[in-house]
Amino acid sequence: MTHAVLTASRLLVDVSARSLAAVAERVTLPQFRLLAVLATHGDAKLVELAERLGVNPSTAMRMLDRLIAAGLASRQSNPDNRRETMLRLTADGRTLVDEVSAVRHREISAIVERLTPDQRSALVSALTAFTEAGGEPAHPGDDSEPYPLGWSDTHARHGTR
């Protein structure tokens, strides 16, 4: 089981690296991770952000300072507590995350299209269980696309998403 997950993770890392190639001159992988965490979880305090990234607050602050200088993130006072500073994506930061995500989406779609409908259904079930066990939140995409990645309704009939 572990070998299969590690093998699949290598493929996903390759897909992620290729999707970041277009923005590599603007952000590093750790900086992109910070942007992705803000995109997924929304505005956050520095300590929360550092915890989600698994880094020291000083490391998160250095990354954030660079992203603020690049216009991809910002600091704003918390309207509920003026002593707190909230960190958030700027419109440019959101665009960058969306562009990288779109490339990754296209590559993963091409891979998934090679699977049979039963394999797709099994994959959705397995990955959902895996991400839930790891504590990863659901993908923040909209639900306007009833059958993501061009899947038929086979996965819906099997009770998976």
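The values are calculated or read from the model by the stated rules, or taken from the named source; none is laboratory data. Everything numeric here is computed off the predicted structure, so don't read it as measured data. A quick note on method: Cβ atoms are made from the backbone with ideal geometry, for glycine too, and the neighbour counts reach across all protein chains shown. Just so you know, the surface numbers come from the protein's heavy atoms only, side chains and all, with ligands and any DNA or RNA stripped out. Shrake-Rupley method; radii C 1.70, N 1.55, O 1.52, S 1.80 Å.
Among the residues of region 8-28, not a single one is touching a strand residue (DSSP E or B) at 6+ places or on another chain (Cβ under 8 Å), buried (at least 17 other Cβ atoms within 10 Å of the Cβ) and assigned to a helix (DSSP H, G or I).
Just to be sure, is residue 109 open to solvent by less than 30 Å² (accessible area, probe 1.4 Å) and in a strand (DSSP E or B)?
Details: open to solvent by less than 30 Å² (accessible area, probe 1.4 Å): yes; in a strand (DSSP E or B): no.
So residue 109 fails the test.
Just one residue in the set 88, 82 is surrounded by 11 or more Cβ atoms within 10 Å (Cβ to Cβ) and of a type in the set (D, E, K, R); that residue is 88.
Taken over region 71-88, the criterion of being modelled with pLDDT under 95 and closer than 23 Å to residue 23 by Cα is satisfied by 75, 87, 88. Selection of region 37-53 for residues being touching a residue at least 40 places away in the same chain (Cβ under 8 Å), open to solvent by 30 Å² or more (accessible area, probe 1.4 Å) and assigned to a helix (DSSP H, G or I) yields 40, 41, 46. Do we find that residue 67 is part of a strand (DSSP E or B), in contact with a strand residue (DSSP E or B) (Cβ under 8 Å, 6 or more places away or on another chain) and either under 27 Å from residue 135 (Cα atoms) or basic (Lys, Arg) (or both) in this structure? Against the criterion (part of a strand (DSSP E or B), in contact with a strand residue (DSSP E or B) (Cβ under 8 Å, 6 or more places away or on another chain) and either under 27 Å from residue 135 (Cα atoms) or basic (Lys, Arg) (or both)), residue 67 does not qualify. Residue count for region 91-100, restricted to those that are open to solvent by less than 40 Å² (accessible area, probe 1.4 Å) and either over 13 Å from residue 34 (Cα atoms) or charged (D, E, K, R) (or both): 1.
Entry remark, region 54-79: residues being at positive phi and open to solvent by 60 Å² or more (accessible area, probe 1.4 Å) number 1 in total. Of all residues in region 72-97, those satisfying the criterion of being outside any strand (DSSP E or B) and either aromatic (Phe, Trp, Tyr) or in contact (Cβ under 8 Å) with a residue 40 or more places away in the chain (or both) are 72, 93, 94, 96, 97.
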